[in-house]
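Each remark here refers to the structure printed beneath this line.
The values are calculated or read from the model by the stated rules, or taken from the named source; none is laboratory data. Keep in mind it's a predicted model, so treat the numbers as computed, not measured. No Cβ is skipped: glycine too gets one built from the backbone with ideal geometry, and neighbour counts run over all protein chains shown.
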Amino acid sequence: MKVHYIQHVPFEGLSSIEYYMTRHGHDMSSTHLYRNEKLPSVNEIDWLIIMGGPMGIYDEDKYNWLKVEKEYIKSAIDIGKTVIGICLGAQLIADALGARVYKNKYREIGWFNISLTSEADDTILSGALPVNTEVFHWHGDTFDIPEGAISLARSDACKNQAFIFDNRIVAFQFHLETTFGSATALIENCGDELDDSEYVQTAHEMLANQQKFTDINHAMFSVLNALESRNT
């Protein structure tokens, strides 16, 4: 299987997803948009993974590659590829599917619970995630659920945490891929966002328990396994 991922900044890579893909023997390729690298033909890939970043989906004046990226994501969706988006990547998928993306009421950074919707049981991800689980967050924007998509999860700070479309397009506002190292990199590069507001934890709170990263990484592997089962 050929897996291509899009990276928006140097400090938000695949993290634990890379371990999974390497262990399963998949061919990996990447486009680092901040280096102005070119995207491959969408026909050459099987899966597309879109990572996070501190920019917003409407910041095309600052990041001229955003327009091309949006068109690429839409093409991947339209021709039947498996597409996974995380944080900014999820918002870009929502936009590609015609949904609104906007500022959330709260900035949500750190470890907070999500609750799965009852509709999640009707999808390929049924059983891949616990009904209630603590996950890692780092976002200020959110999205509406696109028409035809199924809402998967919510949290106290953010009503729409995830959705799935056609059992092959998955958008997660939260981060299951994050490791202790990648969380540290986020804190080092985006620490100015730690504003002590209601749903923003301190750096110490985020890094205090390394077992939490192991737990969410296992959940990420379960999600990837479920999506892979669709292709077998």
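Name the one entry in PHE143, PHE172, PHE163 that is of a type in the set (Phe, Trp, Tyr) and over 22 Å from TYR63 (Cβ atoms).
Details: PHE143 fails: over 22 Å from TYR63 (Cβ atoms); PHE172 fails: over 22 Å from TYR63 (Cβ atoms).
Exactly one residue qualifies, and that residue is PHE163.
Here are some residues: LYS81, LYS70, LYS105, LYS74. Which one is among the charged types (D, E, K, R) and in contact with a helix residue (DSSP H, G or I) (Cβ under 6 Å, 6 or more places away or on another chain)? Steps first, answer last, please.
On the way: LYS81 fails: in contact with a helix residue (DSSP H, G or I) (Cβ under 6 Å, 6 or more places away or on another chain); LYS70 fails: in contact with a helix residue (DSSP H, G or I) (Cβ under 6 Å, 6 or more places away or on another chain); LYS105 fails: in contact with a helix residue (DSSP H, G or I) (Cβ under 6 Å, 6 or more places away or on another chain).
Every option except LYS74 fails the conditions.
Restrict the check to the range 28-40 and report whether at least one residue is in contact (Cβ under 8 Å) with a residue 24 or more places away in the chain and among the β-branched types (Val, Ile, Thr). Step through it out loud before you land on a result.
Pass one, the range 28-40, residues in contact (Cβ under 8 Å) with a residue 24 or more places away in the chain: 28-34, 36, 39-40.
Then keep just the ones that are among the β-branched types (Val, Ile, Thr); that gives 31.
Looking for residues that are in contact (Cβ under 8 Å) with a residue 24 or more places away in the chain and among the β-branched types (Val, Ile, Thr), one finds at least one in the range 28-40, hence yes.
Suppose the filter is at pLDDT 95 or above, hydroxyl-bearing (Ser, Thr, Tyr) and more than 16 Å from THR82 (Cα to Cα); does TYR5 pass it? Write out each step before concluding.
On the way: at pLDDT 95 or above: yes; hydroxyl-bearing (Ser, Thr, Tyr): yes; more than 16 Å from THR82 (Cα to Cα): no.
It is false that TYR5 is at pLDDT 95 or above, hydroxyl-bearing (Ser, Thr, Tyr) and more than 16 Å from THR82 (Cα to Cα).
So which residues in the range 144-202 are of a type in the set (Val, Ile, Thr) and in a loop (DSSP other than H, G, I, E, B)?
Step one: of the range 144-202, the residues of a type in the set (Val, Ile, Thr) are 145, 150, 164, 169-170, 178-179, 184, 187, 200, 202.
Once the filter is applied, which keeps residues that are of a type in the set (Val, Ile, Thr) and in a loop (DSSP other than H, G, I, E, B), the range 144-202 yields ILE145, THR178, THR179, THR202.
From PHE172, PHE180, PHE213, grab the single residue that is closer than 30 Å to GLY148 by Cβ, hydrophobic (A, V, I, L, M, F, W, C) and modelled with pLDDT of 95 or more. Walk me through how you get there before you give the answer.
Working: PHE180 fails: closer than 30 Å to GLY148 by Cβ; PHE213 fails: closer than 30 Å to GLY148 by Cβ.
The unique qualifying residue is PHE172.
Take the residues of the range 203-214 that are assigned to a helix (DSSP H, G or I) and in contact (Cβ under 8 Å) with a residue 24 or more places away in the chain: which is farthest from GLY13 (Cα to Cα)? Before you say what the answer is, go through the steps one by one.
Of all residues in the range 203-214, those assigned to a helix (DSSP H, G or I) come to 203-207, 211-214.
With in contact (Cβ under 8 Å) with a residue 24 or more places away in the chain added as a condition, the list becomes 205-207, 212-213.
Values: GLU205: 22, MET206: 19, LEU207: 18, LYS212: 19, PHE213: 15 Å.
Result: GLU205.
Name every residue in the range 29-48 that is closer than 25 Å to SER229 by Cα and surrounded by 16 or more Cβ atoms within 10 Å (Cβ to Cβ), in order of residue number.
SER30, VAL42, ILE45, TRP47, LEU48
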